[in-house]
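The values are calculated or read from the model by the stated rules, or taken from the named source; none is laboratory data. In this text, all values refer to a predicted model and were calculated from it rather than measured experimentally. Because the Cβ atoms are built from the backbone with ideal geometry, glycine has one as well, and the counts that use them run over all protein chains shown. These accessible areas exclude ligands, DNA and RNA; they are computed on the full protein's heavy atoms, side chains included. Shrake-Rupley method; radii C 1.70, N 1.55, O 1.52, S 1.80 Å.
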Amino acid sequence: MSEQFFIQGNEACARGAIEAGCRFFAGYPITPSTEIAEDMALFLPKKGGSFIQMEDEIAALGAVIGAVWGGQKGMTATSGPGFSLMQEHIGFAVMTETPLVIVNMQRGSPSTGQPTMASQSDMMQAKWGSHGDYEIIALSPSSVQECFDFTVEAFNLAEKYRVPVMVMSDEIVGHMREKITIPEEVEITYRQMPEEGPETFLPFKAPSDGTSPMPAFGDGYKMHITGLTHDEKGYPDASNPESHSKLVNRLCNKIRKHTDEITRIKEEFTEDAEIIVLSYGAPARSALTAVKNARKQEVKAGFIKLETVWPFPKKLIKDAVVNAQKVMVVEMNLGQIFYEVERVLPDKEVELLPKIGGEMHIPTEIMDKIKDMSH
Amino acid sequence: MRKDIRIAGFGGQGIILAGIVIGKAAALHDNLNAVQTQSYGPEARGGASKTEIVISDELIDYPKVQKPDIFVALSQAGLDAYLHDLKDGGILIIDPDMIKEEELLSFVKEHNTKLYKAPVTRTAVEKIGLKIVANIVMIGAITRMTKVISEEAARQAVAESVPPGTEKKNLEAFEAGAELAG
Amino acid sequence: MVKGESTFMKYLRRDRLPTIFCAGCGNGIVMNTFFNGMEMAEVDFDNLILVSGIGCSSRIPGYVACDSLHTTHGRPISFATGIKLANPEHDVAVFSGDGDAAAIGGNHLIHGARRNIDITVICINNSIYGMTGGQISPTSPKGSYGTTAPYGALERPFSLADLVTAAGGTYVARWTTAHPLQLSKAIKYGLQNKGFSFIEVISQCPTYYGRKNKLRSPIDMLNWMKETSINKRRADKMEEEELQGKIIVGEFQKKPEPEFAEKLCKLLEEQCVTGKPTAIRSAYQED
């Protein structure tokens, strides 16, 4: 039997994680994501899972990575300042192909900024925050139901591609309460065990755009896992240019070459639209309201919501705006995803409607800009 | 039909729980859509507190309240901050023990406001003997005064939102609040 | 086994030898004493997981033929915490150095000790950053030289064994590479102790510490450690001035206390409703 609840986005993330099979959470208290840790502390023991509050966010992600190599599905949740601290271990997880989920309930930034107010100002950090060339996956929920659904999906994508997956939400969605339906069963992607035995298995042997099965520590495979550039055995091979190039290209290509399978956008009224409003996360809700109002006033406006933000859904966006000449990007920062949209739509007139301060765009602000751009 | 509700007061009045219960009643028991949001300062106790609930039979895109149809003010500061957002012809519910009523009268007249008085804390103390149930009294008052949710849904939501064992007292508080509608 | 070869060769990844360690480095002695202590403690090698951070000593797990995680600088204890909780049946040990454990990883060290999680930390303290070329560390003696202290170290050094004792470690010992037998026994106790064990090994870095501080050969350094060591039991009765320049060795703490993973497992047994009180290998589909 599916069940309905009236809960916060944060609580929905925690429930999504548990439904997806997460049995390990390590975290550190931070507003506005703390309810996720609190719910995991409450619910995980009921399922035999472990919760631990660590000494900082660096340690939290370290513990998650350790638990994942120990055979668990693991997650942590944080907000801007903690996300900054986690960057070191995000890079380690990428390099060691450790599947895990990080929820970032974004707040006003930089620095400690606005703990109880929302922003979308970590979107580029999600993509580029750790040093080096790499790819991750990031999803952006706009509703409490999506917090649940996207967290489940994040776990599945993490296992499929052996990559950290980020749920990039914000204070508004994290703290807002809505009705959600939790299905009786969700589709779960399990971690793959190698078919080969320990004698012949090479833990990092994979197709040039793929990844490999991943046994757990204690399974007898006696693996050496390192953040150094490594060969197919997992052994450090850090001074070999070819080894490095092969590894890092593969880590990027296993995501880049599968962008079409990973990415999703939501479209409304795009077919005949002359102007497209593109958004994601909380302000996508304001954008949709504005677009519906514009249609009532016979302005040919369309709406795109990015459900996947990274890898960037280039092809989907290009296809969706093929008939429109103008695109407005609505985001709660001073321009981040805007530059990506500009990059992928060189022939279109792309404008930004930024907003910072902690509150989401008001539909009339977007409506005014639609009218401005329509002239 | 979309209804925007705002409740403002100070921390400790149970305002946020009231918002949650109303949202829950609409979403889980009246089969409507509802979104509840809130804002608060860094203080754990005291300070300004506000919750907003949007209830609609359609999908709710924009989840915040700009121009409420219903405004419940439980503190003078809350009233002063948000009164002018209330829609013309909207419903204003105040706790007369907290708010200087005479200053309101010109606004009410000018904007064709339906004004209701709900002394929720006094009712909680005098009728139930428990100050802590003031927010449940408030839910009772809002439910009957505005009819934005059904009374049956509200009672169910109250019963499942309060600590086990306290359902009876809280439902009494709800009735006491409803009776304030006159 | 090749004739005349160490019996511990069976624990090594032969395809990774030789090691990157300098001639005369103390890491080899520590590896030997670790295997010795492990055998004395009757730890099942197949059940052992080694974790390390960054630095010369942190390269040790990469040469050992068990599951091993070579992590980020200073943070191996946080990873080891997750590994231990993922399956508390595993024996988890961390190899770290003075820069790794005491500088960048100081916070993780004290919190691991405070939690009393069942991890054995072997901290090879050579008072210098070897891998980056001879910079001073938080354990470099006052006045000692390094490339970042060309005029001598101004800061006071940490006493790591005292630090971890104060933070709540339940087995804490310090020995030097000139005390291989005592060290092996300490590692044995550390592995047997159900709780956070910390074994500080004062070790020689002839390449950097020795060269910068007029202790030219590894033999000079081992002799220096032998001569300046004094047992904790004796040291406890001596005045501060008498202990100047001495290395206090011995057991600093041996006090069993409830261990974290056990406490957590007990909580799970009480709270769990699924019939499997501790989730193990939850990422994989059950057969």
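Annotation note: Cβ proximity below 8 Å between a residue of the stretch A:198-226 that is under 21 Å from C:Arg281 (Cβ atoms) and within 13 Å of another protein chain (Cβ to nearest Cβ) and a residue that is among the β-branched types (Val, Ile, Thr) and in a loop (DSSP other than H, G, I, E, B) (sequence gap 6+ or interchain) occurs for A:Ile225/A:Thr96. Does C:Ala101 meet the test of being more than 13 Å from the chain's Cα centre (by Cα) and open to solvent by less than 10 Å² (accessible area, probe 1.4 Å)? No; evaluated as a whole, the condition is false for this residue. Considering only residues in the stretch C:194-214 that are open to solvent by 10 Å² or more (accessible area, probe 1.4 Å) and β-branched (Val, Ile, Thr), the one that is nearest to C:Val249 (Cα to Cα) turns out to be C:Ile202.
Kindly list the number of the only condition in (1) farther than 26 Å from A:His224 by Cα; (2) buried (at least 24 other Cβ atoms within 10 Å of the Cβ); (3) among the hydroxyl-bearing types (Ser, Thr, Tyr) that fails for A:Thr76. The single condition A:Thr76 does not satisfy is (1).
Residues in the stretch B:53-71: is at least one within 14 Å of chain A (Cβ to nearest Cβ), surrounded by fewer than 22 Cβ atoms within 10 Å (Cβ to Cβ) and either in contact with a Cys (Cβ under 6 Å, 6 or more places away or on another chain) or part of a helix (DSSP H, G or I) (or both)? No, because not a single residue in the stretch B:53-71 is within 14 Å of chain A (Cβ to nearest Cβ), surrounded by fewer than 22 Cβ atoms within 10 Å (Cβ to Cβ) and either in contact with a Cys (Cβ under 6 Å, 6 or more places away or on another chain) or part of a helix (DSSP H, G or I) (or both).
The set of residues from the stretch C:74-98 being of a type in the set (Gly, Ala, Ser) and within 7 Å of chain A (Cβ to nearest Cβ) comprises C:Ser78, C:Ala80, C:Gly82, C:Ala86. Taking the stretch A:327-351 as the range and being within 23 Å of the chain's Cα centre (by Cα), of a type in the set (Asp, Glu) and not in a helix (DSSP H, G or I) as the test, only A:Glu331 passes. Assessment of the stretch B:110-121 against the conditions (more than 23 Å from B:His84 (Cα to Cα) and small (Gly, Ala, Ser)) yields no matching residue. The residue pairs whose first member lies in the stretch C:269-287 and is within 7 Å of chain A (Cβ to nearest Cβ), whose second member is in a loop (DSSP other than H, G, I, E, B) and of a type in the set (S, T, N, Q), and whose beta carbons are closer than 7 Å, counting only pairs six or more residues apart or on different chains, are C:Ala279/A:Gln72; C:Ile280/C:Asn87; C:Ser282/A:Gln72; C:Ala283/A:Gln72. Quick one: in the stretch A:264-303, which of the residues that are open to solvent by 10 Å² or more (accessible area, probe 1.4 Å) and not charged (D, E, K, R) is nearest to the chain's Cα centre (by Cα)? Only one residue fits best here, namely A:Ile265.
To keep it simple, each residue is scored yes or no on (1) farther than 19 Å from C:Ile187 by Cβ; (2) surrounded by 14 or more Cβ atoms within 10 Å (Cβ to Cβ).
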site: C:Gly4; (1), (2): yes, no
site: C:Lys10; (1), (2): no, no
site: C:Arg14; (1), (2): yes, no
site: C:Pro18; (1), (2): yes, no
site: C:Gly28; (1), (2): no, yes
site: C:Phe34; (1), (2): no, yes
site: C:Gly37; (1), (2): no, yes
site: C:Phe45; (1), (2): no, yes
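Against the list (1) of a type outside the set (D, E, K, R); (2) over 30 Å from A:Ala284 (Cβ atoms); (3) touching a residue at least 24 places away in the same chain (Cβ under 8 Å), the condition B:Leu105 fails is (3).
When the stretch C:249-268 is examined, which residues are found to be more than 8 Å from chain A (Cβ to nearest Cβ) and open to solvent by less than 70 Å² (accessible area, probe 1.4 Å)? Selection gives C:Val249, C:Gly250, C:Phe252, C:Gln253, C:Glu259, C:Phe260, C:Ala261, C:Cys265.
Answer yes if at least one residue in the stretch B:40-53 is of a type in the set (Gly, Ala, Ser), at positive phi and at pLDDT below 95, and no otherwise. Scanning the stretch B:40-53, I find at least one residue that is of a type in the set (Gly, Ala, Ser), at positive phi and at pLDDT below 95, so the answer is yes. Name the single residue, out of those in the stretch C:53-73 being more than 9 Å from every other protein chain (Cβ to nearest Cβ) and in a loop (DSSP other than H, G, I, E, B), that is most open to solvent (accessible area, probe 1.4 Å). Going through the qualifying residues, I end up with C:Cys56.
For the stretch C:105-121, the criterion of being part of a loop (DSSP other than H, G, I, E, B), surrounded by fewer than 23 Cβ atoms within 10 Å (Cβ to Cβ), hydrophobic (A, V, I, L, M, F, W, C) and within 14 Å of chain A (Cβ to nearest Cβ) is met by no residue.
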